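See below for the structure under consideration.
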Amino acid sequence: MLKERLKTFQIILASGSPRRQQFFRELGLDFEIRLKPVEEIYPDRLKAAEISDYLAVLKASPFKSQLKDHEILITSDTVVWHNGCSLAKPGDAKEAYKMIKTLSDDWHEVITSVCFTTSSSQKTEFHSTKVKFKPLSDEEILYYIENYKPFDKAGGYGIQEWIGLIGIEQIEGSYANVVGLPTHIVYKTLMDMAS
């Protein structure tokens, strides 16, 4: 349905994330992947969704002057927000352990912003999902890190992996958003842009 509506447009996904690419395929979209490196640095004053909004827009900046009239570029960023802090991707096992330990037996927010850029306009939307982990034992955390090496994931974990299956007690909001893309927002925004 969306594919038919977008047949006069070229969708460009600027993401190397296999999870986001899979979501685009599952939405039935024809798209191409274009990647340009961006240093993901944001001003310290930003909080929660302000961070993911800023980075999603920043990721679009290297492409902006090159977009053709019929192209829609999609960039996104996910932030794990807990106790007033953003938990980025862990640099190593020690950092991943520290992150997951702090999320254990508590709620946190997973916020994903998506930026839609054309040659003449730009729009950014975000969705926030609340996630609650059970109390996780050191054994569980270490097993997960050793076997799944979650160093490419904000907050140091993937909800779709073992730790999500055994550790997540409650979720409020979109599950797909925690995996890495608020698919309902992508669908609605693209439908609106194509109408």
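The values are calculated or read from the model by the stated rules, or taken from the named source; none is laboratory data. What you are looking at is a predicted structure, and each value in this text was computed from that prediction instead of being measured. No Cβ is skipped: glycine too gets one built from the backbone with ideal geometry, and neighbour counts run over all protein chains shown. Each accessible area value is taken on the protein alone, full model and side chains, heavy atoms only, with ligands, DNA and RNA left out. Shrake-Rupley method; radii C 1.70, N 1.55, O 1.52, S 1.80 Å.
Quick one: plug the Kirkwood hydrodynamic radius of the chain (C-alpha pairs) into Stokes-Einstein at 10 °C, 1.306 mPa s, and report D in µm²/s.
Reported coefficient: 91 µm²/s.
Taking every pair of alpha-carbon atoms in region 42-98, give the share separated by more than 12 Å as a whole percent.
Cα-Cα pairs in region 42-98 separated by more than 12 Å: 72 percent.
Taking N as the number of residues in region 1-109, what is its alpha-carbon radius of gyration divided by 2.2 N^0.38 Å?
Relative to the 2.2 N^0.38 Å estimate, region 1-109 comes out at 1.28.
Could you sort 20, 25 by accessible area so the largest value comes first, with the probe set to 1.4 Å?
The residues order as 25, 20, largest area first.
If you take the alpha carbon radius of gyration of region 129-174 and divide it by 2.2 N^0.38 Å, what ratio comes out, to two decimals?
So region 129-174 has a normalised radius of gyration of 1.11.
Around residue 26, under 11 Å between beta carbons, what's the net of Lys plus Arg minus Asp minus Glu among the other residues?
Net local charge, residue 26 excluded: +3.
Hey, with R₀ at 22 Å, roughly what FRET efficiency would residue 35 and residue 83 work out to, going by the Cβ-Cβ distance, to 0.05?
Once rounded, the FRET efficiency stands at 0.10.
Return the sequence-ordered ³J(HN,Hα) values of region 190-195 in whole Hz as given by the Karplus equation 6.51 cos²θ - 1.76 cosθ + 1.60 applied to θ = phi - 60°, using x for Gly and Pro.
Going residue by residue, I get 5, 4, 5, 5, 8, 7 Hz, with x marking Gly and Pro.
Do the alpha carbons of any pairs in 101/134; 7/59; 47/101; 94/149 sit beyond 19 Å of each other, and which pairs?
Among 101/134; 7/59; 47/101; 94/149, the Cα-Cα distance tops 19 Å for 7/59; 47/101.
Which whole-angstrom value gives the distance between the alpha carbon centres of region 1-31 and region 131-158?
Here the answer is 29 Å between Cα centres.
Ignoring ligands, DNA and RNA, what accessible area per residue does the chain give at 1.4 Å, in Å²?
Solvent-accessible surface per residue comes out at 51 Å².
Just the number, please: carbon plus sulfur as a percent of the accessible area of region 121-195, 1.4 Å probe, no ligands or DNA/RNA counted.
53
Between residue 151 and residue 171, what length comes free when the chain is fully extended (0.36 nm per residue of separation minus the Cα-Cα distance, one decimal in nm)?
4.9 nm
Each residue of region 37-46 in turn: what ³J(HN,Hα) in whole Hz from Karplus with 6.51, -1.76, 1.60 and θ = phi - 60°, glycine and Pro shown as x?
Result, ordered by residue: x, 9, 7, 7, 10, 10, x, 4, 6, 6 Hz.
Note down the nm distance, to one decimal, between modelled labels 7 Å out along Cα→Cβ at residue 160 and at residue 70.
So the label points at residue 160 and residue 70 sit 3.1 nm apart.
Of all the accessible heavy-atom surface of region 1-78, with the other protein chains kept in place and a 1.4 Å probe, what percent is carbon and sulfur?
50
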